[in-house]
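Before any comments, here is the structure.
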Amino acid sequence: MSEPIKFHFDVDGDNFSSAGEASVQVKRMLRQIGIPADVIRRVSVAMYEGEINMVIHADGGNADVVVEPGKIVIILADRGPGIADIELAMTEGYSTAPENVRSLGFGAGMGLPNMKRYTDDMKIESVVGQGTTVTMTVLF
Amino acid sequence: MSNFKHSVFLLEDKCKGCTNCVKRCPTEAIRIQNGHSVIDEERCIDCGECIRLCPYKAKKALYDKLDKYKDYKYKIALPAPALYGQFDHLEDVDYVISGLYECGFDYVFEVAKAAEIVSEYTRNYLKRPDIEKPVISSACPVIARLISKRFPYLCDNLLPMIPPIELAAKLAKKEAMEKHPELKEEDICALFISPCPAKVSYVRNPIGVEKSSVDGVLSISEIYFLLVNSMKNIVNPEHSAQTGLVGVSWASSGGEAKALFNDRYLSADGIENCIKVLDEVENGNFSSLEFIELNACNGGCVGGALTVENPYIAKARLQTLRRYLPVTQNHVPKNDDPTFVPTEHMWEKELEYSPVMQLDADMGEAMKKMADIQAIYEMFPHLDCGACGAPTCRAFAEDIVKHNGNANDCIFIMREKIRELYKEKENDSKSVD
């Protein structure tokens, strides 16, 4: 059995135009490993949405991806405002994104629901005022 | 893929081994080895960036010379619409067509005419309910090749229709045979007058068809000088142009997309921009789009490495040229099925994903190699200076794991080693004292 491989990325909160870059790099490395195309797509969409969330709501954070045979785990951790009502946040169409990012087409309230849809498991741990950690697992 | 024939070659004595091409190659296909640039044929997509960038003009495009075809009984010219943008004060496409006849061609078939037909059928194709959207244009062979190597998930989004160049050759040859029944197939050659080396590569390694109907690819830059001379003597050219503004507009970025009369499109040009767009599309962005037109060259085909004029000047000229043209001069026969596209216009075979970036066919092995790459990468300074001959520290780590590099070629690692040696020596001499 191969050892798990870990990738780490700093997600820059100051720079909205670079949001989504970590997911592009992950995509590239998963391709090199030979992960099936549909799995790569699920990982990169889920990670992309998560990255955008961290930039919009939490001033960036850390993204870690662990690749094991048959399983990819994405851990997105931030020190943002936290989510008070996770169930509400998971509702399609619910969003607290500010107007300036909505004008760019983000903030439609589909980020978290999409992340859940594209992964086999998603866990949100959040403390208001301290931050949020989202752990997503994609099996293949 | 090993017998893939590329269209870029190196003049070894001119190459200084600088890293301009290495660092800007969009597929990281180039390395400096033994003092000069070497292209990984598996990764190259024939975009021509290295030809444009090389400050020493050491990279050249391979194309066919007109001379090679002098023994054919019947020579067909297939001018790309980008050709029309190369001339100053060109009032009418008829001058170019007459000029081509003067140059010795027996027949001229405008690729812009075929482009108008492709546009009509693309409109039909987009109405099909069962297709992957957004549909991505497959007319730029660089983009199609790029997708087949880097964007496996988007292979099904490519427009599976033969591009204007291919259709033009097919139709022109058919017309020639009908007009001249005395001709045999081997008497006729169809020669594309190309703005870019990627089309040279396309004809040798066609996409979607087994064998291209195009027999040779000439460069606009070579034909331009012949044409300028022959066009001088033309006063009242015969009216022979058969394209409208749709066909002419295909020459620059956005032309193909606009011809779909559908505002849910995106068009991008320049290979770096195209890659960014594809990354976003793969992430599911722009899901409301119907069509994406991507051109590897800045400005579209007018920006090809085999043109003579600046792409933006050429584009401006085309705007003047098409001012009084009808929208289109080519209509396909009416069909009861609004989604109808004739089978002979569709690809004969699908484009297959070729995972050239994959580290190993076995996933376990690939994971081991990836772990090694990560470890080696950590040793490097992450400056991406290129002095080792690879474009980035990461690419260099990959090369080492693939046994194509030695960590000592990193000047920073080498410097550390020299420092250590120096220290050891100093200590040795001290202990002797």
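The values are calculated or read from the model by the stated rules, or taken from the named source; none is laboratory data. Given the structure is predicted, the values throughout are model-derived calculations rather than measurements. Every residue, glycine as well, gets a Cβ built from its backbone with ideal geometry; the counts of neighbours run over all protein chains shown. Side chains included, ligands, DNA and RNA excluded: accessible areas come from the protein's heavy atoms. Shrake-Rupley method; radii C 1.70, N 1.55, O 1.52, S 1.80 Å.
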Task: Rounded accessible area per residue of region B:66-345, 1.4 Å, Å² - done: 41 Å²
Open item on the list: Give the A-B buried accessible area in Å², both sides summed, 1.4 Å probe, nearest 100.
Closed with: 2300 Å²
Task: Shape parameters for region B:342-433, alpha-carbon atoms, Rg then Dmax in Å - done: 21.9, 91
Task: Mean-position separation - Cα centroids, region B:257-325 and region A:1-68, in angstrom - done: 29 Å
TODO: Summarise the partner chain shielding of A:33-41 as one whole number: the mean count of Cβ atoms from other chains within 10 Å of each residue's Cβ.
DONE: 6
Task: With Cα atoms, 0 to 90° folded angle of helix B:363-379 axis to chain B main axis - done: 60 degrees
- [ ] Have a look at B:401, B:108, B:142 and tell me which one the Gaussian network model of chain B (Cα, springs below 10 Å) gives the largest fluctuation.
- [x] B:401
Task: Where only C-alpha atoms are counted, convex hull volume of chain B per residue in Å³ - done: 174 Å³
- [ ] Could you pull out every residue, at least 5 positions away or on a different chain, whose amide H is within less than 5 Å of the one on residue B:37? Hs are placed 1.01 Å off N in the peptide plane, and Pro or chain starts have none.
- [x] B:17
- [ ] Could you work out, residue by residue across B:282-294, how many beta carbons of other chains sit within 10 Å of that residue's beta carbon, and then give the average as an integer?
- [x] 3
- [ ] Quick one: how many lysine pairs does chain A have with C-alpha atoms less than 16 Å apart and a gap of 8 or more or different chains? Give me the count, please.
- [x] 5
TODO: Quick one: Debye curve from the alpha-carbon atoms of the protein assembly as shown only, equal weights, vacuum; give me log10 I(q)/I(0) at q = 0.08, 0.11 Å⁻¹ to two decimals.
DONE: -0.64, -1.08
Open item on the list: Leaving ligands and nucleic acids out of the surface, order A:88, B:227 by accessible area at 1.4 Å, largest first.
Closed with: A:88, B:227
Open item on the list: If you filter region B:149-256 for GluC sites (Glu not before Pro), then keep DSSP loop positions with at most 11 other Cβ within 10 Å, what is left?
Closed with: B:182, B:210, B:238
TODO: May I ask you to derive the FRET efficiency for residue B:335 and residue B:239 from their Cβ-Cβ distance with R0 = 41 Å, giving the value to the nearest 0.05?
DONE: 0.85
Open item on the list: Quick check: with the 1.4 Å probe, what order do B:89, B:382, B:331 take by accessible area, largest first?
Closed with: B:89, B:331, B:382
Open item on the list: Tell me the relative contact order for region A:5-139 as a rounded percent, counting alpha carbon contacts under 8 Å between residues six or more apart.
Closed with: 26 percent
Task: 0 to 90° range, to nearest 10: angle between helix B:93-102 axis and chain B longest Cα axis - done: 90 degrees
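Given C-alpha coordinates of region B:34-73, what is the ratio Rg to Rh with the Kirkwood estimate of Rh?
Numbers: Rg = 14.6 Å, Rh = 12.9 Å.
When Rh is taken as the Kirkwood radius, the ratio is 1.14.
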Open item on the list: I want to verify a result. In a Gaussian network model of chain B, Cα cutoff 10 Å, which of these has the top mean-square fluctuation: B:196, B:18, B:140?
Closed with: B:18
Open item on the list: Just checking the output field for B:360-370: average partner chain Cβ neighbours within 10 Å of each residue's Cβ?
Closed with: 5
- [ ] Determine, at each q value in 0.16, 0.17, 0.20 (inverse angstroms), the log₁₀ of I(q)/I(0) that the Debye formula gives when each Cα of region B:211-334 is one equal point scatterer.
- [x] -1.01, -1.11, -1.32
TODO: Give the relative contact order (percent, whole number) for chain B; include only Cα pairs under 8 Å separated by 6+ residues.
DONE: 21 percent
- [ ] Within the set of other residues whose C-beta is less than 15 Å from the C-beta of residue B:269, count the net charge using Lys and Arg as +1 and Asp and Glu as -1.
- [x] 0
- [ ] Show the residues, 5+ positions off or on another chain, whose built amide H is closer than 5 Å to the amide H of residue B:300.
- [x] B:253, B:270
TODO: Enter the Cα centre distance for the pair region B:111-142 and region B:151-230, rounded to the nearest angstrom.
DONE: 17 Å
Open item on the list: Compute the angle between helix B:111-126 and the longest alpha-carbon principal axis of chain B, please, reported from 0 to 90 degrees and rounded to the nearest 10.
Closed with: 80 degrees
Task: Cα centroid separation, region B:372-433 to region B:5-37 (Å) - done: 23 Å
- [ ] Provide the per-residue ³J(HN,Hα) series for region B:342-353, in order, calculated from phi with Karplus coefficients 6.51, -1.76, 1.60 and θ = phi - 60°, each as a whole number of Hz, with x at glycine and proline positions.
- [x] x, 4, 6, 8, 8, 4, 7, 9, 7, 7, 9, 6
TODO: Can you pull the one-decimal nm distance between simple spin-label points at residue B:23 and residue B:179, each 7 Å off the Cα toward Cβ?
DONE: 5.2 nm
Task: Per-residue ³J(HN,Hα) for region B:305-312, Karplus 6.51 cos²θ - 1.76 cosθ + 1.60, θ = phi - 60°, Hz, x for Gly and Pro - done: 6, 9, 8, 9, 9, 4, x, 7
Task: By average C-beta atoms within 10 angstrom, highest first, the peptides B:40-49, B:313-322 - done: B:40-49, B:313-322
Open item on the list: With the crude spin-label approximation of a point 7 Å out along Cα→Cβ, what separation in nm comes out for residue B:344 versus residue B:71?
Closed with: 3.0 nm
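How much length is gained if the chain between residue B:420 and residue B:52 is pulled fully straight, taking 0.36 nm per residue apart and subtracting their Cα-Cα distance, in nm to one decimal? Don't jump to the answer; show the numbers that get you there.
Working: separation 368, 0.36 × 368 = 132.48 nm, distance 4.24 nm.
Net length gain for the segment: 128.2 nm.
If you count only protein heavy atoms with a 1.4 Å probe, what accessible area per residue comes out for chain A, rounded to a whole Å²?
Details: 6590 Å² over 140 residues.
Averaged over the residues of chain A, the accessible area is 47 Å².
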